[in-house]
1. With +1 assigned to the C-beta of every Lys and Arg and -1 to the C-beta of every Asp and Glu, and no other charges, what is the dipole magnitude of segment 23-103 about the Cα centre in debye, to the nearest 20?
2. In straight Cα distance, which lysines are under 30 Å from LYS105, not counting same-chain residues fewer than 8 positions off?
Amino acid sequence: MKTSILLLAGLFLASNAQAAELKGNPKAGKTLAYTCTGCHGISEYKNAYPSYRVPKIAGQHEKYLLAALHGYKKGERNHPTMKAQASSFSDQDIADIAAYLSSLKSKK
């Protein structure tokens, strides 16, 4: 019993470490991030409800993008559209999107 628990814990830690170590591919991320521009690529775009400016994500830090997308996917961040988008991505997709968006120059 104790051995089984230790084995499961080891597998869990290994799978989490693997997800954290994924290397993003900006070329693949460019294709995946296409729909992001529908909201995040429009100057002065505001969400209808709740009303706020949609943040620009081009040039954002890769680690921030990874944390945000994983947060939406896990339900730790609350925005229905972003949760739906992030939930459709694999961990590799998220790494690819973050690599691509972080490689862009910010348009202020």
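1. 100
2. The qualifying lysines are LYS23, LYS27, LYS30, LYS46, LYS56, LYS63, LYS73, LYS74, LYS83.
Quick note: the coordinates plus some simple rules give every number you see, no bench work behind them. As the structure is a prediction and not an experimental result, all values here were calculated from the model. All Cβ positions, even for glycine, are placed from backbone atoms using ideal geometry, and neighbour counts span all protein chains on display.
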